[in-house]
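Inspection log for the structure reproduced underneath, given as structure tokens.
The values are calculated or read from the model by the stated rules, or taken from the named source; none is laboratory data. What you see is a predicted model, and the numbers here were worked out from it, not measured in a lab. Positions of Cβ are backbone-derived with ideal geometry, glycine not excepted, and every protein chain shown enters the neighbour counts. The protein model used for the area step is the full one, side chains on, heavy atoms only, and it has no ligands, DNA or RNA in it. Shrake-Rupley method; radii C 1.70, N 1.55, O 1.52, S 1.80 Å.
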Amino acid sequence: MTEMDGVIREHEVYFATLAEQAERYDEMAEHMKSAALFEQELDAEERNLLAVAFKQAVGQRRCAWRIVCAAEQEEQAKGNHMTTASARGYRKKIEAELTSLCQTILALLTDKLIPGATTAEAKVSYYKAQGDYYRYMAEISDDMDRTRSTTAAKAAYEDGTKVAETSLKVTSPFRLGLALNHAVFYYEAREHLGAAPWSGTAHGMDPIGPKTRRLARDALMAGRGKPVSRSV
């Protein structure tokens, strides 16, 4: 990477931190995407900036989507066809924005970040994010699209779990964070996958053990109708 590239990259990271302070998460995501495309690998702080940017931008749409879905169902139950159609159109607009953001970060993870990661912590973080964004896409999808997103999320969480099992301690926050989100995924997707939730063990550690189950259920209950947290 040239000296000029380094300066540009540094500016992108700075603007991302500024955008975070201003709570302009779409712009923060764009700046961190630009920084991630440079040759230099993201450090831990920069990985966190990238995670916060996309999680907040996507989380705002997920929250909006739930609200509009509820309004659409309410209008439909009342037999108000015109307002139902208006709510449906607004829901689809939000879905398009959410899908675009998820596809952007998924492409970055698949093509650049995961192949270029040199530490187990980075790889596990990226696989967790990959699973998360496929999970978010599954939430708003139907039929074959939902099947594809669910299958891709499952594969990402499993790939991350393999790295975590072989390279990270059981108490590693990266491993625990992955286990929590993996648990949430199984809870939400159990019927679609045709499998019982909370199944599976991993080399002496049940990644979806009793404590993680409680954390996942708490996260699910807390997330209904509220902005998603940074970790789930």
Hits in the range 72-105 (condition: under 27 Å from Arg148 (Cβ atoms), of a type in the set (Asp, Glu) and either free of Cβ contacts under 8 Å to residues at least 24 places away in the same chain or outside any helix (DSSP H, G or I) (or both)): Glu72
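Of the residues Gln60, Gln73, Gln56, Gln130, which single one is in contact with a Ser or Thr (Cβ under 9 Å, 6 or more places away or on another chain), more than 16 Å from Ala156 (Cβ to Cβ) and polar (S, T, N, Q)? Spell out how you get there, then give the answer.
Details: Gln60 fails: in contact with a Ser or Thr (Cβ under 9 Å, 6 or more places away or on another chain); Gln56 fails: in contact with a Ser or Thr (Cβ under 9 Å, 6 or more places away or on another chain); Gln130 fails: more than 16 Å from Ala156 (Cβ to Cβ).
After ruling out the rest, the residue left standing is Gln73.
Go through the range 1-55 and give me each residue that's among the aromatic types (Phe, Trp, Tyr) and surrounded by 13 or more Cβ atoms within 10 Å (Cβ to Cβ). I'd like the intermediate steps shown before the answer.
Initially, the range 1-55 is screened for residues among the aromatic types (Phe, Trp, Tyr), giving 14-15, 25, 38, 54.
Scanning the range 1-55 gives Phe15, Tyr25, Phe38, Phe54.
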Go through Tyr157, Tyr136 for me and flag whichever is touching a residue at least 40 places away in the same chain (Cβ under 8 Å), hydroxyl-bearing (Ser, Thr, Tyr), buried (at least 22 other Cβ atoms within 10 Å of the Cβ) and closer than 29 Å to Arg91 by Cα. Tyr136
The conditions are (1) within 23 Å of Glu30 (Cβ to Cβ); (2) at pLDDT below 95, and Arg146 fails exactly one of them. Which is it? (1)
Across the range 112-133, which residue is most open to solvent (accessible area, probe 1.4 Å) among those that are within 20 Å of Ser34 (Cβ to Cβ) and more than 13 Å from the chain's Cα centre (by Cα)? Pro115
Check the range 41-54 and report whether any residue there is in contact (Cβ under 8 Å) with a residue 40 or more places away in the chain, assigned to a loop (DSSP other than H, G, I, E, B) and touching a Leu at 6+ places or on another chain (Cβ under 9 Å). yes
Quick count over the range 71-111, residues being of a type in the set (Lys, Arg), open to solvent by 60 Å² or more (accessible area, probe 1.4 Å) and in contact with a helix residue (DSSP H, G or I) (Cβ under 6 Å, 6 or more places away or on another chain), is 1
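Run down Val68, Val58 and say which single residue is open to solvent by less than 20 Å² (accessible area, probe 1.4 Å), in a helix (DSSP H, G or I), in contact with a helix residue (DSSP H, G or I) (Cβ under 7 Å, 6 or more places away or on another chain) and touching a residue at least 60 places away in the same chain (Cβ under 8 Å). Write out each step before concluding.
Working: Val68 fails: touching a residue at least 60 places away in the same chain (Cβ under 8 Å).
So the residue among Val68, Val58 that is open to solvent by less than 20 Å² (accessible area, probe 1.4 Å), in a helix (DSSP H, G or I), in contact with a helix residue (DSSP H, G or I) (Cβ under 7 Å, 6 or more places away or on another chain) and touching a residue at least 60 places away in the same chain (Cβ under 8 Å) is Val58.
Look at the range 107-131 and say how many of its residues are among the β-branched types (Val, Ile, Thr) and outside any loop (DSSP other than H, G, I, E, B). Explain how you work it out, then say what you get.
Looking only at the range 107-131, we keep the residues that are among the β-branched types (Val, Ile, Thr), and these are 110, 114, 118-119, 124.
Restricting the remaining residues to those that are outside any loop (DSSP other than H, G, I, E, B) gives 110, 114, 124.
Number satisfying all stated conditions: 3.
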Hey, could you check the range 139-154 for residues that are crowded, with 21+ Cβ neighbours inside 10 Å and of a type in the set (Gly, Ala, Ser) and say which is nearest to Leu180 (Cα to Cα)? Ala153
Quick one: in the range 160-192, which of the residues that are open to solvent by 60 Å² or more (accessible area, probe 1.4 Å) and in a loop (DSSP other than H, G, I, E, B) is modelled with the highest pLDDT? Lys169
